[in-house]
1. Quick check on the stretch 404-499: of the DSSP beta bridges with both residues there, what percent are antiparallel, nearest 5%?
2. For the charge dipole of the chain, defined by +1 on Lys and Arg C-beta atoms and -1 on Asp and Glu C-beta atoms about the Cα centroid, which residue among Val212, Ala178, Leu359 has the Cα displaced farthest towards the positive pole?
3. Could you count how many Lys pairs in the chain have their Cα atoms under 30 Å apart, skipping same-chain pairs fewer than 8 positions apart?
4. Estimate the FRET efficiency between Glu99 and Asp194 by the formula 1/(1 + (r/R0)^6), using the beta-carbon distance for r and 25 Å for R0, to the nearest 0.05.
5. Helix by helix through the chain, keep the DSSP H runs that span 15 Å or more along the axis on Cα and average at least -0.5 on Kyte-Doolittle, and give those back in order.
6. If you filter the stretch 466-507 for trypsin sites (Lys or Arg not before Pro), then keep DSSP loop positions with at most 12 other Cβ within 10 Å, what is left?
7. Starting from the Cα of Glu382, step 7 Å toward the Cβ, then list every residue of the stretch 461-491 with an amide N under 12 Å from that point.
8. Could you give the dipole magnitude of the stretch 404-499 about its Cα centre, charging the beta-carbon of Lys and Arg +1 and that of Asp and Glu -1, in debye to the nearest 20?
Amino acid sequence: RILILDFGSQVTQLIARRLRESGVYCEVWPFTADEARIRAFAPRGIILSGGPASVTEGASPRAPQAVFGMGLPILGICYGQQTMAHQLGGVVEGGHAREFGRAFIEVTGDCAITQGVWAKGAREQVWMSHGDRITELPPGFRVVAASGGAPFALIADDARHFYGTMFHPEVVHTPHGAALLRNFTGAVCGCAGDWTMGAFRAEAIARIRAQVGTGRVICGLSGGVDSSVAAVLLHEAIGDQLTCIYVDHGLMRAKESEQVVRTFRDRFNIKLVHRDASELFLGQLSGVTDPEVKRKTIGRLFIEVFEEEQQKIGGADFLAQGTLYPDVIESVSATGGPSVTIKSHHNVGGLPAHMRMQLVEPLRDLFKDEVRVLGRELGMPEEIVGRHPFPGPGLAIRIPGEVTREKADILRQADTIYLEEIRNAGLYDAIWQAFAVLLPVRTVGVMGDGRTYDSACALRAVTSTDGMTADVYPFDMGFLTRVANRIVNEVRGINRVTYDITSKPPGTIEWE
Ligand code: XMP
């Protein structure tokens, strides 16, 4: 196992992810972790992450000095490299030109990290993100790769097995970064690389049991991948101490509610409260057209209904959520960080403080595709595990303007046809998310001999790895016209279909 000490970089979890992908178990701890705890954890190596601070500032974070005396291999990345150099007697200076993004470096030597990956003399692409730089190496270190702007791009102290990179090997923009990390964990630290999601499952279950004890847990189930996998994992850990609450706001896709109930109650034997609150939600959404008001209304009602249901079952000590790592990053900015709130995701802010339940978030270190692997490991059906993401506010944010039951019914039909055609064409898994949007625009058409004056519908399909950026899926025209024909012919209320060809950014995936 490897310990990652976090100095606050946006991409620290990517280090963990790359390690897990190569079959190495790791944990991410804050850099303030104390020596005794680190020794008890008994890692085979330590990675010091990047971070936003500058080593040249007096109060900037440092690695616990003791880690350099434990006889363990250490890899310092970006800020981690600088603090290591500083703490071992080198010199780091600020005020240099900041270097961000793609850069090329020259491999001037070799070491255990570059073995079989980078050849001496090669020019290699890396991803840089730094302001300060080392100007004098600590004793024992030598340079293995460099560029004009980064003379100490990769440094090594072979005797102590200390390595430092000025670039980020964990991001995909450093093409051989994962292989460099594998050399560190394998060749240098001696990790076998045989850890699997099966092991994660066992560890997660042990962690849940340790946290929850004999307490009662409730889990808000949305039918989406994240909360579904969290629920099944929790059920495996604590059985009937878990109750799931499914608040049906009437804005789900076709047949989704029945499927959720069937899967969780019948197949997994999970205690499930199914509350049909569509009247309430649609009633309160009547007349609401502003997207943020819509989102907030749904968020508020969701909490109210959830609270009611949890009181009915006599309350609980813990609230389980399927929070993923990207939600953690996004919600940091959503709750007052420096970045702007683009949309208020209704299920990220969580429940009000007066509900006073401790959170159980067994997936908060994972990325979506890892959660899918875990779901399969838990024996969950592909129709849930492989399902496209679906937003908490449901179809409401795919109906610009006022939401009504009638519009939701029309949209559901169009959406069903679209997804059916996508599945028939074998394209479902190649697409991150595909859905129809019902536009608040009526246009003139002709059907048979008659004039129509009905709504227009937009189709959207994107590829993405994490939902943060997205590209338009390039359907061929034959596919699109087939879907358009079916929708116009089969769905009463829609007489025109368009395809949305906006990427994210500048668009967002959803229309509201
Ligand atoms: P946007 O539209 O912001 O969406 O590009 C990015 C991803 O997030 C989903 N999304 C949500 N998911 N609650 C959710 O659970 C929400 O309020 C919400 N809004 C957007 C969206 O479907 C896409 O996958």
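Derivation of every value follows stated rules applied to the coordinates shown; laboratory data play no part. These figures come from a predicted structure and were not determined experimentally. Methodologically, a virtual Cβ is constructed for each residue, glycine included, from the backbone with ideal geometry; neighbour enumeration extends over all protein chains shown.
1. Details: 14 of 19 bridges.
Counting DSSP beta bridges with both partners in the stretch 404-499, the antiparallel share is about 75 percent.
2. Checked the options; the winner is Val212.
3. Lysine pairs meeting the criterion: 26.
4. Details: r = 37 Å, r/R0 = 1.50.
Calculated transfer efficiency: 0.10.
5. On the way: long enough: 197-212 (22 Å, 0.38); 225-238 (20 Å, 1.31); 291-312 (32 Å, -0.96); 405-424 (28 Å, -0.96); 477-490 (19 Å, 0.19).
Counting only whole DSSP H runs, the qualifying helices are 197-212, 225-238, 477-490.
6. Details: sites: Arg482, Arg486, Arg492, Arg496; in loops: Arg492.
Listed in order of number, the matching sites are Arg492.
7. Backbone N within reach: none found.
8. Numbers: 11 positive and 12 negative charges, 76 e Å.
Dipole of the stretch 404-499, to the nearest 20 debye: 360 debye.
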